[in-house]
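A.B. asks: I'd like to ask some things about the structure below.
Please treat every number below as a calculation from the coordinates, not as lab data. If you're wondering where the values come from, they're calculated on a predicted model, not measured in any experiment. In this analysis, Cβ positions are derived from the backbone assuming ideal geometry, glycine residues included, and neighbour counts consider all displayed protein chains.
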């Protein structure tokens, strides 16, 4: 296994770090950098150049992309006909700007930007791997 460290990042002592599953053979995960300004901190690569695990940070929040393996207890959304049981909420300073960048990077809008009476501006996008992200800000 090939390990690449791109940026030193000290993992928090506690917190929430979702693991999103991606199909086997994936080599390009730059969507998250282009759409959300994420920084890839580490990558564990397979001998064929595909990604086994990729670790990202958005400001102080960490998440991982992990290829589906034969022993995996979870599937990527593409393996379930596009269904997922998780939607990731991402708070940002400007929902419109982040959604625009995400669409330019390959996302599709599943729910357009809207202001809600509970005090949030939100939109939902689907990333190129089928994961749903609610982009939101307090208003």
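A.B. asks: What residue among 39, 69, 85 shows peak mean-square fluctuation when the chain is described by a Gaussian network model with Cα springs under 10 Å?
C.D. replies: Maximum fluctuation in the GNM of the chain, among the listed residues, is at 85.
A.B. asks: Kindly provide log₁₀ I(q)/I(0) values, in the same order as q = 0.11, 0.20 Å⁻¹, from the Debye equation applied to equal alpha-carbon scatterers of the chain.
C.D. replies: For the chain at q = 0.11, 0.20 Å⁻¹, log10 I(q)/I(0) is -0.42, -1.29.
A.B. asks: Sort 54, 30, 8 so the one with the fewest other Cβ atoms within 10 Å of its own Cβ comes first.
C.D. replies: Fewest to most other Cβ atoms nearby, the residues stand as 8, 30, 54.
A.B. asks: With an 8 Å cut-off on Cα pairs and a minimum separation of 6 or more residues, tell me the relative contact order of the chain in percent.
C.D. replies: Relative contact order comes out at 22 percent.
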